[in-house]
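The values are calculated or read from the model by the stated rules, or taken from the named source; none is laboratory data. Keep in mind the model is a prediction, meaning the values are calculated, not measured. Because the Cβ atoms are built from the backbone with ideal geometry, glycine has one as well, and the counts that use them run over all protein chains shown. Protein only, heavy atoms only, side chains kept; ligands, DNA and RNA dropped before computing areas. Shrake-Rupley method; radii C 1.70, N 1.55, O 1.52, S 1.80 Å.
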Amino acid sequence: MQVEFYNTKSHVSETKHISQALLILLSKGLALEDLPEAKALILAGDKFQFRNTYSISLLTKK
């Protein structure tokens with residue numbers, strides 16, 4: 001499952017596997033108990049915003 005991992009401060013967008021993106025968020029301070037909610041939001045097609053710095057959304061095929 002691929003996601004877009006976007007850094008809103010540096011304006012850098014990368015394609016990552018959802019598990020890799022979630023691990024990065026954990027390393028940046030996302031609480032472990034918030035992980036299931038973040039994953040559910042992303043998989044539902046919603047954008048997950050973390051600390052106004054990172055934005056993660058499901059990649060859609062064009």
- Message: Suppose we keep only residues that are surrounded by 12 or more Cβ atoms within 10 Å (Cβ to Cβ) and either in contact with a Lys or Arg (Cβ under 9 Å, 6 or more places away or on another chain) or hydrophobic (A, V, I, L, M, F, W, C) (or both) within the range 14-34. Which one would you say is nearest to Gln2 (Cα to Cα)?
- Response: Ile18
- Item | Given (1) in contact with a Lys or Arg (Cβ under 6 Å, 6 or more places away or on another chain); (2) outside any strand (DSSP E or B); (3) of a type outside the set (A, V, I, L, M), number of the condition Phe5 does not satisfy | (2)
- Item | Subset tally (residues that are outside any strand (DSSP E or B), in contact with a Leu (Cβ under 8 Å, 6 or more places away or on another chain) and open to solvent by less than 90 Å² (accessible area, probe 1.4 Å)) for the range 35-62 | 5
- Test result for Asn7, more than 8 Å from the chain's Cα centre (by Cα) and either open to solvent by 70 Å² or more (accessible area, probe 1.4 Å) or modelled with pLDDT of 95 or more (or both): no
